[in-house]
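Written out below as structure tokens is the structure these notes cover.
Throughout, read-outs are computed from the coordinates displayed, never taken from laboratory work. These figures come from a predicted structure and were not determined experimentally.
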Amino acid sequence: MQWQFDKPMHLPQLAPTVWEFCWHNVAALCIFDFEYFVWHSTHHKVRFLYKHVHGVHHQYHAPNSWVTQYLHPWELISVGIFTATSPRIFGAHPLTYIAFQQFSIIVSVEAHIGYDLPFEMHHYLPFWGGSIKHDMHHQKPLTNFAPFYNWWDQIFGWYCPGQLAGGYKPKALLDWEKKEKIRQEKRRAKRLGYTETNGDVSSNGVHSNGVSNGHTPQSNGVANGKAY
Ligand SMILES: [Zn+2]
Ligand SMILES: [Zn+2]
């Protein structure tokens, strides 16, 4: 379901140029990407919003294409408003506007298919999120908040590389998991009141860079039940 409020549209006689059509679509995706990034991260960071709104979408840890629209009504309305208004900000041609609606639906579904297919854009555009990054968001909900591109997550330190076809973990993901393990262990040690004295050894002899006291550090928000 796509919700939108619209007023009668003026239809120009001429179609937009190819250049205008392309850059307006890319620009509208950038605007939508930023708007949803802010909305999405806020709905993970604020416990109430996650619990009562966005958590509905996260009932699926391994998404499929139908999960794209498995949303709380408020999320559906928000996404509808972002999609309907993004190309209007710079007065896009109605043809561009309608094409953008279809394009944004296609890329949203593609993000949820749960497959790493050889023709998907993330193989060719390093800044593109795509299915493998959003799949990781459903596995590790405190990462990869941006829907299409990944530069906002890179800037804010919330980026997590994706897992490839067949469950293959690329080096970037293995490195990310190693760093995350250390980060979580340090956080846990801090919570328990350990103080580091000389690098990686705490005052009571517990190592802060790995497993301590027989406990395995949690690697993300899902593992310990937290997704906000
Ligand atoms: Zn999703
Ligand atoms: Zn989410």
With N set to the number of residues, divide the alpha-carbon radius of gyration of region 130-187 by 2.2 N^0.38 Å and report two decimals. 1.09
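So if each residue of separation counts as 0.36 nm, and I subtract the Cα-Cα distance between E20 and N64, what length gain in nm does that give? Kindly include the intermediate steps, with their values, before the conclusion.
Numbers: separation 44, 0.36 × 44 = 15.84 nm, distance 3.34 nm.
Roughly 12.5 nm would be gained on extension.
For the pairs K140/K169; K51/K178; K51/K133; K133/K186; K140/K181; K133/K171, flag any whose C-alpha to C-alpha distance is greater than 18 Å. Display every interim value, and only then the final one.
Details: K140/K169 15 Å; K51/K178 29 Å; K51/K133 23 Å; K133/K186 26 Å; K140/K181 13 Å; K133/K171 15 Å.
Flagged as over cut-off: K51/K178; K51/K133; K133/K186.
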Region 62-106: projected area of the alpha-carbon convex hull, averaged over directions, in nm²: 3.5
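Ratio of region 2-162's C-alpha Rg to 2.2 N^0.38 Å, to two decimals?
Details: Rg = 15.9 Å, N = 161, 2.2 N^0.38 = 15.2 Å.
Taking the Cα Rg and dividing by 2.2 N^0.38 Å, one obtains 1.05.
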Over the C-alpha atoms of region 42-88, what are the Rg and the largest Cα-to-Cα span, Dmax, in Å? 11.7, 34
Name the residues whose placed amide hydrogens come within less than 5 Å of the amide hydrogen of Y149, ignoring near sequence neighbours (fewer than 5 apart) on the same chain. G129
